[in-house]
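Trainee: The structure is given below, and queries will be raised subsequently.
No lab work stands behind these numbers, since they all come straight from the coordinates. Note that the coordinates shown come from a computational prediction; the quantities given were computed from them, not determined experimentally. We place every Cβ from the backbone using ideal geometry, glycine too, and count neighbours over all the protein chains shown.
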Amino acid sequence: MALEVIPGKTRLGWIGLGVMGSSMCRHLMNRGFAMTVFTRTPQKAQPLLEAGAQWADTPKAVAEQSDIVFSIVGFPSDVREVILGPNGVLQGARPGSVVVDMTTSEPSLAREIYQAARQRGVHALDAPVSGGDVGAREARLSIMIGGDREVAEALRPCWEAMGKTIVYQGSAGAGQHTKMVNQILIATNMIGVCEALLYAYRAGLDLNTVLQSVASGAAGSWSLSNLAPRIIQNNFDPGFFVEHFIKDMGIALAEANRMGLALPGLALAKQLYEAVRAQGYGRNGTHALQLALASLSGIDWKNRTG
């Protein structure tokens, strides 16, 4: 493995500048990496262009100007388009270059990309992340990596610019499988966070005071510490979109079905989140589950008193 990743020498490309992608890309630029970017909404790229990034009109053009291309987009169909499509990354990638998909996507698609890249002499990694918008901004994401170990190790300077927990999980698709484990854990945990806050509210407790008692004990979780305060403040801006979370749960349930697993808790969580989307909150954060659960008890959460 002759790949060396050196700030100021290794050229990076980035596709997808959403809630998390913009911060992740900027961290790499701040480490001194030259960057070429593409996103479907060009105005999202403007702050990075002003900071020195170069614009490319297609994912293929990004790859033509890059040694390593990262992508973090919305859905598996988007991944397929930007990497495997006629103007995708693999159409412009040179032998020896690397494509890294950081989208939460299907393990089977990660393996397909790995094989397609390999046929062109290109390396491919799946490296989904956890930590939301806060983790992306503060460069403390958890990064779960699948693919060839030596390629993953070579990219350590990039991982360290974006995350704090960097773990190689195994062959192609292993990163995505690990992210499914993460999403299964979050799905039912969010139900608990929201139902607990509803109980506390109906019992007449001060919600912030309750958090002081429970967040640091056995009931503590990332969602409780980071999202419960937003729920209390009626801030349902997305750290991670409801519609993307529904996509993730669908992938996990499909994989579970393929493996002969019954995951009733995950199935329930997906149905509850479908209700969240049906109520018009699909582009809100995952903690908007609170609004749907509150309505079941006749509570108008946003306009509550006390």
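Trainee: GNM on the chain, C-alpha springs below 10 Å: top fluctuator among Gly16, Gly146, Gly88?
Mentor: Gly88
Trainee: Any chance you could list the semi-axes, whole Å, largest first, of the equivalent ellipsoid that the Cα gyration tensor gives for segment 11-172, using √(5λ)?
Mentor: 20, 19, 14
Trainee: Could you give the alpha-carbon Rg of segment 251-292 over 2.2 N^0.38 Å, rounded to two decimals?
Mentor: Numbers: Rg = 12.0 Å, N = 42, 2.2 N^0.38 = 9.1 Å.
That ratio works out to 1.32.
Trainee: May I pose another question? Taking Cα atoms of segment 234-306, Rg/Rh with Kirkwood Rh, to two decimals? Walk me through the numbers before you get to the answer.
Mentor: On the way: Rg = 13.7 Å, Rh = 13.0 Å.
Taking Rh as the inverse mean 1/r over Cα pairs, Rg/Rh reads 1.06.
Trainee: Could I ask something else about it? Assign unit charges at the C-beta atoms only (+1 for Lys and Arg, -1 for Asp and Glu), then state the dipole size of segment 178-303 relative to its Cα centre in Debye, rounded to the nearest 20. Show your work: numbers first, answer last.
Mentor: Details: 9 positive and 8 negative charges, 35 e Å.
Computed charge dipole of segment 178-303: roughly 160 debye.
Trainee: Among Leu263, Ser77, Gly16, whose Cα projects farthest towards the positive end of the dipole of the chain, with charges put on the beta-carbon of Lys, Arg (+1) and Asp, Glu (-1)?
Mentor: After comparing all options, I get Gly16.
Trainee: Pull up all non-local amide H partners of Phe33: gap of 5 or more, or a different chain, and H-to-H distance under 5 Å with H placed in the peptide plane.
Mentor: Gly8
Trainee: Dipole size in debye (nearest 20) for the chain around its Cα centre, Lys and Arg Cβ +1, Asp and Glu Cβ -1? Before the final figure, lay out the partial values.
Mentor: Details: 27 positive and 25 negative charges, 26 e Å.
About 120 debye.
Trainee: If you don't mind, there's one more thing I want to ask. Using only alpha-carbon positions, what ratio does the radius of gyration of segment 177-306 give when scaled by 2.2 N^0.38 Å?
Mentor: On the way: Rg = 14.7 Å, N = 130, 2.2 N^0.38 = 14.0 Å.
Working it through for segment 177-306, the quotient is 1.05.
Trainee: Here's something else I'd like to know. Can you work out D for segment 102-174 in µm² s⁻¹ from Stokes-Einstein, where Rh is the Kirkwood radius over C-alpha pairs, the temperature is 37 °C and the viscosity is 0.692 mPa s?
Mentor: Numbers: Rh = 12.4 Å.
Rounded, D is 266 µm²/s.
Trainee: Moving to a separate point now. Roughly what would the spin-label model give for Gln271 and Ile6, points 7 Å off Cα along C-beta, in nm?
Mentor: 5.9 nm
Trainee: Which entries of Lys164/Lys302; Lys44/Lys164; Lys60/Lys247; Lys9/Lys164; Lys179/Lys302 have Cα-Cα distances beyond 29 Å here? Numbers along the way, then the final one.
Mentor: Details: Lys164/Lys302 35 Å; Lys44/Lys164 26 Å; Lys60/Lys247 26 Å; Lys9/Lys164 24 Å; Lys179/Lys302 31 Å.
Check vs 29 Å cut-off fails for Lys164/Lys302; Lys179/Lys302.
Trainee: Under 5 Å between amide H atoms, partner at least 5 residues away or on a different chain: which partners does Ile166 have, H built in plane at 1.01 Å?
Mentor: Ile143
Trainee: How big is the charge dipole of segment 128-174 about its Cα centre, in debye rounded to the nearest 20, if each Lys and Arg gets +1 on its Cβ and each Asp and Glu gets -1 on its Cβ?
Mentor: 120 debye
Trainee: Using Cβ counts within 10 Å as a stand-in for footprinting exposure, how do Ile145, Ile15 rank, fewest first?
Mentor: Working: Ile145 26, Ile15 32.
With the sparsest Cβ surroundings first, the list reads Ile145, Ile15.
Trainee: Okay, next question. Once the Cβ-Cβ distance between Ser108 and Asn189 is put in as r, and R0 is 41 Å, what FRET efficiency do you end up with, to the nearest 0.05?
Mentor: Working: r = 26 Å, r/R0 = 0.64.
It comes to 0.95.
Trainee: Follow-up. Would you mind getting the Kirkwood hydrodynamic radius of the chain from its Cα pairs, rounded to one decimal in Å?
Mentor: On the way: mean 1/r = 0.0497 Å⁻¹.
The answer is 20.1 Å.
Trainee: Right, another one. State, to one decimal in nm, how far the label point of Arg258 lies from the label point of Ser171, with both points 7 Å from Cα in the Cβ direction.
Mentor: Here the answer is 1.4 nm between the modelled labels.
Trainee: Can you give the calculated 222 nm mean residue ellipticity of the chain, where each DSSP H run of n ≥ 4 adds -39,500 (n - 2.57) and the sum is split over every residue, rounded to the nearest 500 deg cm²/dmol?
Mentor: Numbers: 16 runs with 146 residues, N = 306.
Taken over the chain, the calculation gives -13500 deg cm²/dmol.
Trainee: Shifting gears a bit: Going by amide H atoms built from the backbone, whose H comes under 5 Å of the H on Phe70, apart from near neighbours?
Mentor: Counting only residues 5 or more places away or on other chains, the set is Gly13, Trp14, Ile15, Val100.
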